[in-house]
């Protein structure tokens with residue numbers, strides 16, 4: 001069992017492209033967090049009082 | 001340009017490894033957020049409307065969990081629970097520890113949101129004869145939800161970055177230590 005960051009470190013240990021793969025991992029984390037943020041905004045719109 | 005194509009080549013070679021890691025991160029964090037949010041609402045309710053002994057117990061739980069590092073919680077759910085006969089695998093231990101951690105944070109968010117609602121709202125609900133359940137679901141929760149959503153999103157985003165503390169394949173020596181400790185105790 002290995003999550004995204006550990007998998008990234010495994011890949012880096014094979015090809016030594018540390019900066020590039022950490023950047024890719026950062027992008028993937030950003031994508032997950034952006035999806036959560038959009039979901040939060042969607043729920044906020046749903047529960048807001050219409051003005 | 002050559003370096004970038006070499007990088008893309010490496011990404012393509014490692015695509016399944018990356019996708020497996022991404023899938024695990026997403027599943028652990030989403031499960032932890034969902035379970036932690038449900039438990040957190042109960043914690044928030046107990047902190048706001050519970051009687052004195054219940055408030056004391058839940059306050060101790062919240063403060064203890066919030067003040068404990070996630071790594072310690074993961075280690076505790078992986079090793080300590082096994083000594084009382086609850087054998088969780090690495091995934092379950094990770095989800096359990098993160099859900100407990102998330103619940104203490106969500107509990108405080110819910111408490112803050114509920115306490116920010118003016119007392120007049122509850123009094124008005126009582127005046128028209130609503131029960132506590134009706135008051136909560138129809139009057140308090142819709143208002144509290146609006147207040148707590150931005151902070152809840154913040155906590156959820158934090159939870160996505162926490163699975164790095166979960167038990168991994170790099171822990172085989174710990175696993176055997178757990179088996180030894182369980183055997184020694186029993």
Practice item. Give the dimensionless ratio obtained when the Cα radius of gyration of the range A:4-46 is divided by 2.2 N^0.38 Å. Key: 1.59
Review point. Based on the inverse mean of 1/r over its pairs of different Cα atoms, what is the Kirkwood hydrodynamic radius of the protein assembly as shown, in Å?
Key: 20.3
Exercise for review: Please find, in a Gaussian network model of chain B (springs between Cα atoms separated by less than 10 Å), the residue of B:163, B:53, B:69 whose mean-square fluctuation is greatest.
Suggested key: B:53
**Study point:** Crossing angle, helix A:18-47 versus chain A [Cα axis fit, 0-90 degrees, rounded to tens]
**Key:** 10
Review point. So how tilted is helix B:15-49 from the main axis of chain B? Cα-based, degrees 0 to 90, rounded to 10.
Key: 20
Practice item. Note down, for the range B:27-185, the three equivalent ellipsoid semi-axes (square root of 5 times each alpha carbon gyration tensor eigenvalue), biggest first, whole angstrom. Key: 37, 17, 11
Review point. Against the longest alpha carbon principal axis of chain B, how many degrees, from 0 to 90 and to the nearest 10, is the axis of helix B:172-185 turned?
Key: 60
Point to revise | Ellipticity estimate at 222 nm from DSSP helix runs (n ≥ 4, -39,500 (n - 2.57)) divided over chain B, nearest 500 | key: -24500 deg cm²/dmol
Point to revise | MRE, 222 nm, helices only [DSSP H, n ≥ 4, -39500 (n - 2.57), over chain A, to nearest 500] | key: -28500 deg cm²/dmol
Study note, to complete from the structure: Taking only the alpha carbons of the range B:63-121, the radius of gyration and the largest Cα-Cα distance, Dmax, both in angstrom, are 15.4, 50
**Study point:** Rounded Å value of the spacing that divides the Cα centres of the range B:1-79 and the range B:110-160
**Key:** 24
Practice item. Fewest Cβ neighbours within 10 Å first, please rank B:126, A:46, B:161 accordingly. Key: A:46, B:126, B:161
Exercise for review: Rank the residues B:64, B:78 as a footprinting-exposure proxy: fewest other Cβ atoms within 10 Å of their Cβ go first.
Suggested key: B:64, B:78
Point to revise | Cβ-based exposure ranking for B:137, B:155, in which fewest neighbours within 10 Å come first | key: B:137, B:155
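Values in this text are rule-based calculations from the coordinates and carry no lab data. Everything quoted here is computed from the prediction, not taken from an experiment. Methodologically, a virtual Cβ is constructed for each residue, glycine included, from the backbone with ideal geometry; neighbour enumeration extends over all protein chains shown.
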